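Presented below is the structure to which this report refers.
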Amino acid sequence: MAHHRPAHPGAGRPGIRRRRALAAVPAGLALTASLVLLPQAASAIPRGAPASTATADGPTLSYVVNTATDRGTVGAVKKAITASHGMVVTAYEPIGVIIARSGDPDFAKTIRQVRGVQSAGATRTAPLTAAATTEVGRPEKVAEKQRKAVAARATAGQEPLEPLQWDLPAIKADRAAKVNPGSRKVTVAVIDTGVDDTHPDLAPNFSRAQSASCVGGVADTSPGAWRPWDPAEDYHGTHVAGEIAAARNGVGVAGVAPGVKVSAIKVSEPTTSLFYAESVVCAFVFAADHGVEVTNNSYYVDPWKYNCAADPDQKAIADAVGRASAYAQRKGVVNVASAGNSGHDLAAGSLTDTTSPNDTTPVERTVDPSVCPDVPAQLPGVVTVAATGVTSAKSYYSNYGLGQIDVAGPGGDKYQVPELPAKDGRILSTMPGGDYAYLQGTSMASPHVAGVAALLKSAHPGSSPQEIQWLLKAQADNPGCPTGPYDPDGDGDTDATCTGTKHINSFYGYGIVDALDAVAR
């Protein structure tokens, strides 16, 4: 869930690993959920791909090779890859990104010298094997007995478990649904660990035609390829999908935009749930080429939490994913991403990263986030989302930063507890197999914003991604910086310092998104 990785206390991977939910989630996905994804690596080889033509002295790794976009250059570089003990997996010519594999330890160094190559590097530090997100903590399911008790308290017009969803009224999504639940012409793609499209709350709104598995860098659209590898562990994407578009159909929960469509683009590796660059590049391109309006990215691209320009491998990763996300934006897609669960100030001059690389052995390092971005959260044009709890305070785990956070949304917080019947400060949503569970993390905040973006696109179908982003910010409600010390755990220590103004600050950016304004203004 995180993503390795879906943002980051408890995060390891998130990638959805990403920003796994803080509830009870694995680390690795920078999934910004409380579920933290565990760092693990491995990319499945696409069906039908040859094992490898490389003669190697080392383990086979996956690479991104970034070139000029003219056909001649791409063709010449592909030939050079083959001549350099590499194998071309696929080439995304419109953005000049070639996915390759090689077992030659000097492959990257050699290919960087080829004319037309602008950057190239390994996407992992572990050998290819069969795929972390970012929530904080493991998920807590809702027992059948509690479901029945809550359903009995639901009022007219509410879904059976909606009394437990404090997050919907927090952004006025319950009221927005009565005005405009969203258009069937708008699709939000969940780039994550896969989605269980058979869930009764998701099936009515699921778009199979816009779903695929991109694991390994090549889109697989065969039926069910978009589903989780292991429903018991790869639940992050299903949880995220429900937060966005669970149908108002008298079953379970409701999503922020219950009338829009949702699709799944699976990018997590089997077993490890890591989100590698080649898979994420494929996902952005697939979304753009299949008419998606919004993507949700609750993860960070493994294996590096921050990708530093001084390192050629990390530079190539940021370059490749940046090209793909920019391509999607040019084709009309609004890309929304979780900020991460590490409690980091992304505007700080330096940060300590103790979790990278998360697919082999992490080494503590000091990074400058201005030149070592969290990908995709800090890429240009991406809507970066911080998390809040039921009192609208910044969630204790959420990353922040003046000029780095665009907006905020409900992500849950164990220190902020709602009134009965909820009494759980995390986010309730769908789980594989027809279940429901609580998670917390920036992985959960991002889909709330993606849902509001989908409502805006429904109300303003002709608006560009830039205009949708402007509306998100203009309509957001900013609580302002706390008047006293920010000490969510009450231990007497200030855990973060909010800077900025009432209108734009480091904790909330422009503010907490407003679903009602999205459809009523």
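The values are calculated or read from the model by the stated rules, or taken from the named source; none is laboratory data. Quick caveat: nothing in here was measured; it's all calculated off a predicted structure. Here the Cβ positions follow ideal geometry from the backbone for every residue, glycine too, while neighbour counts run over all protein chains shown. Note: accessible area is taken over every heavy atom of the protein model, side chains too, but ligands, DNA and RNA are not part of it. Shrake-Rupley method; radii C 1.70, N 1.55, O 1.52, S 1.80 Å.
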query = When the residues of the range 53-83 are filtered to those that are farther than 25 Å from Asp311 by Cβ and assigned to a loop (DSSP other than H, G, I, E, B), which remaining residue is modelled with the lowest pLDDT?
reply = Thr53
inquiry  = Please go through the range 335-351 and give me each residue that is in contact with a strand residue (DSSP E or B) (Cβ under 7 Å, 6 or more places away or on another chain), crowded, with 24+ Cβ neighbours inside 10 Å and of a type in the set (Ser, Thr, Tyr), ordered by number.
reply    = Ser338
message = Condition first: closer than 18 Å to Ala246 by Cα and not in a loop (DSSP other than H, G, I, E, B). Now tell me which residues in the range 210-228 satisfy that.
response = Gln210
remark   = Of Thr384, Thr354, Thr430, the only residue that is of a type outside the set (A, V, I, L, M) and surrounded by fewer than 24 Cβ atoms within 10 Å (Cβ to Cβ) is Thr354
Cβ pairs under 6 Å, 6+ apart, first in the range 492-521 and under 27 Å from Ala173 (Cα atoms), second outside any helix (DSSP H, G or I) and open to solvent by 70 Å² or more (accessible area, probe 1.4 Å) = Ile504/Tyr510; Ser506/Leu402
task = May I ask you to list pairs of residues, at least six apart or on different chains, whose Cβ atoms are under 6 Å apart, with the first in the range 242-258 being in a helix (DSSP H, G or I) and the second being modelled with pLDDT under 95 and open to solvent by 10 Å² or more (accessible area, probe 1.4 Å)?
result = none
note = Contact list, first residue from the range 411-425 and assigned to a loop (DSSP other than H, G, I, E, B), second anywhere and aromatic (Phe, Trp, Tyr), beta-carbon distance below 7 Å, six or more apart or interchain, is Asp413/Tyr396; Tyr415/Tyr396; Pro418/Trp166; Ala422/Trp166; Asp424/Tyr438
request  = Determine whether the range 275-288 contains at least one residue that is at pLDDT 95 or above, surrounded by 24 or more Cβ atoms within 10 Å (Cβ to Cβ), under 28 Å from Gln469 (Cβ atoms) and in contact with a Leu (Cβ under 9 Å, 6 or more places away or on another chain).
outcome  = yes
inquiry  = Can you go through Leu402, Leu456 and tell me which one is over 20 Å from Tyr235 (Cα atoms), open to solvent by less than 10 Å² (accessible area, probe 1.4 Å) and either at pLDDT 95 or above or within 19 Å of the chain's Cα centre (by Cα) (or both)?
reply    = Leu456
note = Picking from Pro204, Pro160, Pro169, the residue that is farther than 30 Å from Ala283 by Cβ, at pLDDT 95 or above, part of a helix (DSSP H, G or I) and open to solvent by 30 Å² or more (accessible area, probe 1.4 Å) would be Pro169
